[in-house]
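Remarks on the structure that follows.
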Amino acid sequence: MSQPESENIRPAKKGKTRAWVAVGCAAGLGILLTVGILLRADHPSSSDVKGEPGISYSHDTVDSVPWSIHVVKVDRKRKDIAFVAPLAKGKILGVSTISEQARTLPPEMGRALAGVNGDFYERDNPKYAGDPRGLQIVNGELVSAPSTVCIWFDADNNPHLDEVKGDFKITWPDGRKTPFDINRQRRANMLVLYNSIYGASTRITGGQDLILEREGTGPWLPLQVGQTYRGRVREVKASADTPISPDSMLLSIGPQLSNSVPQLKVGDLLQISTTTIPALTGVKTAIAGGPAIIQNGSPFSATAPLGHASEGYSERSKYERHPRSAVGWNNTHFFFVTVDGRQPGLSAGMTLEELAKYMVKLGCTEGMNFDGGNSATIWLSGEIMNSPCQGLKPVANSLLVVRKPTQAAAHKN
């Protein structure tokens, strides 16, 4: 993949040219070095670069493996800094580079200073490319439902790490309740609620769609966690890639549910509940990933079970060295970490256990893995700081640290 001219990428470290790294990456796909070393506090090579106030960057190398590790460190005491998790192109369906997500961040969300790629997402089916695997909340708007571990930030900008579960329910006119999902590919046995942040239309066929309009003066769009919405059926239609209008919700009913939900007509009223466990009411930013790799100071530690090589990739890859991205924190600082990989001579990548132990050495007491492989990218002040395997790759979302809007204006002046 060639590099877009608009992207400013720091040259590969240790004297290697970008072209050499790209060739090495392609040749090294699937080649995992078996050299093992003990993690040490005194890494052979480290360089520090100060970023904007409250943010610094360091590049750490361990030649004997080799490893090339990039760390952005954020001072949590600064009140002019916050975290946001934007969607690529502002929609569920779609991908873009972190640089593009940073450049196009709405001004009301702040000015992007640094970031790392985010959650795992749909990539096998181009029709639904960009759909995040787990929870995402963007500037208070619930855009994707929880399904795995995630981090979220409270009103004081403090991060939290936990498995979040959605208790999303539709209450029908007869009082029955049915679980639903939001803004994802609806399969035949699913009930999915859509709004326009998903995309222009549902991209599905089969089943039935209910177009819902606001009832009364209660809460409506944008969708938020911990609310109860009242919607009235404005239109009932057969599901056929139905358009999604900005002022309405669309409830799509899979054909396998036709006998288990009531048949509705125009004018019928239903309720929509967006409860989560734990409650995330009022949360402005949340993003999923996984697994959790540091909890209460204890790093992820796992011995590869017998037969793990025959397991699916998501399980098998835990014990293999790959490019990685992760986030972690302690009481004073927040960290973005990206480890290059699949590039012989530059960096072998890390197992999850190696990544967790390294982040504990940084001082992290909590940490979560993000999407890795050729998605692993770290960005700072307009530059891609690492050497992404196979070149820059567009991704579904990211976690960015921003200067808050009022402070950004003052800083500019």
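The values are calculated or read from the model by the stated rules, or taken from the named source; none is laboratory data. All values derive from a computational prediction rather than experimental measurement. Cβ placement follows ideal geometry from the backbone for every residue including glycine, while neighbour counts extend to all protein chains displayed. Side chains included, ligands, DNA and RNA excluded: accessible areas come from the protein's heavy atoms. Shrake-Rupley method; radii C 1.70, N 1.55, O 1.52, S 1.80 Å.
Give, in nm to one decimal, the length gained when the segment between Ser64 and Gln227 is fully stretched (0.36 nm per residue of separation minus the Cα-Cα distance). Please report the intermediate quantities before stating the final value.
Values: separation 163, 0.36 × 163 = 58.68 nm, distance 5.34 nm.
Here the answer is 53.3 nm.
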> Taking the simple approach of a point 7 Å from Cα along Cα-to-Cβ for both Glu315 and Glu141, what is their distance in nm?
Replying inline: 3.8 nm
> How many nm is it between the label spots at Ser245 and Val261, if each spot is 7 Å from the Cα in line with the beta carbon?
Replying inline: 2.0 nm
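So for segment 323-371, what are the equivalent ellipsoid semi-axes in whole Å, largest first, each being the square root of 5 times an eigenvalue of the Cα gyration tensor? List each step's numbers first, then the result.
Working: eigenvalues 89, 18, 15 Å².
Equivalent-ellipsoid dimensions as semi-axes: 21, 9, 9 Å.
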> For Asp268, which sequence-distant residues (separation of 5 or more, or a different chain) have an amide H within less than 5 Å of its own amide H, given hydrogens modelled in the peptide plane?
Replying inline: Val233
> Expressed in whole Å with the largest first, what are the equivalent ellipsoid semi-axes of segment 126-170 derived from the C-alpha gyration tensor as the square root of 5 times each eigenvalue?
Replying inline: 20, 13, 11
> Sequence-distant or interchain residues sharing an amide H contact under 5 Å with Lys165, placed H: which?
Replying inline: Ile277
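Below 12 angstrom from the Cβ of Pro159, what's the summed charge of the other residues (Lys, Arg +1; Asp, Glu -1)? Write out the running numbers ahead of the final one.
On the way: positive: Arg76; negative: Asp154, Asp156, Asp162, Glu366.
Every neighbour counted, the sum reads -3.
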> Which pairs, out of Lys169/Lys393; Lys91/Lys361; Lys91/Lys357; Lys89/Lys404; Lys77/Lys393, put more than 30 Å between their alpha-carbon atoms?
Replying inline: Lys169/Lys393; Lys91/Lys361; Lys91/Lys357; Lys77/Lys393
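Sorted from largest to smallest, which semi-axis lengths in Å does the alpha carbon gyration tensor of segment 132-233 give for its equivalent ellipsoid, taking the root of 5 times each eigenvalue? Don't skip to the answer; put the middle values down first.
Numbers: eigenvalues 118, 58, 39 Å².
Ellipsoid half-lengths, sorted descending, are 24, 17, 14 Å.
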> PRE reach from Glu52 (point 7 Å along Cα→Cβ): which of segment 67-101 fall under 17 Å by backbone N?
Replying inline: 72-86, 98-101
>> Using each residue's phi in segment 79-95, evaluate 6.51 cos²θ - 1.76 cosθ + 1.60 at θ = phi - 60° and report the 3J(HN,Hα) Karplus result to the nearest Hz, with x for Gly and Pro.
In response: 7, 8, 10, 9, 10, 9, 10, x, 8, 4, 6, x, 9, 4, 7, x, 9
> When ranked by the protection proxy of mean other Cβ atoms within 10 Å per residue, highest first, what sequence do the peptides 209-215, 171-177, 340-346 form?
Replying inline: 340-346, 209-215, 171-177
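Net charge near Ala279: determine it from the other residues with C-beta under 12 Å of the C-beta of Ala279, scoring Lys and Arg +1 and Asp and Glu -1.
Values: positive: Lys165; negative: Asp154, Asp162, Asp167.
Once positives and negatives cancel, what remains is -2.
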> Taking a 1.4 Å probe, which of Arg103, Arg321 shows the most accessible area, and what order do the others take after it?
Replying inline: Arg103, Arg321
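Any chance you could run the full-extension gain for Gln271 through Thr171? It's 0.36 nm times the residue separation minus the Cα-Cα distance, nm to one decimal.
On the way: separation 100, 0.36 × 100 = 36.00 nm, distance 0.50 nm.
Length gained between Gln271 and Thr171: 35.5 nm.
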> Residue by residue, what Karplus-based ³J(HN,Hα) values in Hz, rounded to whole numbers, does segment 390-402 have, using 6.51, -1.76 and 1.60 with θ = phi - 60° and x for Gly and Pro?
Replying inline: 6, x, 4, 10, x, 10, 7, 7, 7, 10, 10, 9, 10
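Estimate the FRET efficiency between Ala200 and Arg78 by the formula 1/(1 + (r/R0)^6), using the beta-carbon distance for r and 56 Å for R0, to the nearest 0.05. Write down the numbers at each step before the final one.
On the way: r = 39 Å, r/R0 = 0.70.
Once the sixth-power term is evaluated, E becomes 0.90.
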> Mind listing the phi-derived Karplus ³J(HN,Hα) values for segment 235-248, rounded to whole Hz, using 6.51, -1.76 and 1.60 with θ = phi - 60°, and x for any glycine or proline?
Replying inline: 7, 10, 8, 5, 6, 7, 6, 5, x, 10, 8, x, 9, 10
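Compute the length gained on full extension between Thr303 and Ala238: take 0.36 nm times their separation in residues and subtract their Cα-Cα distance, giving the result in nm to one decimal. Provide the component values of the computation, followed by the final result.
On the way: separation 65, 0.36 × 65 = 23.40 nm, distance 5.07 nm.
Additional length available on full extension: 18.3 nm.
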> Ignoring ligands and nucleic acids, what accessible area does Thr205 show with a 1.4 Å probe (Å², nearest 10)?
Replying inline: 100 Å²
>> Could you sort Tyr198, Tyr121 by their accessible area in this structure, using a 1.4 Å probe and putting the largest first?
In response: Tyr121, Tyr198
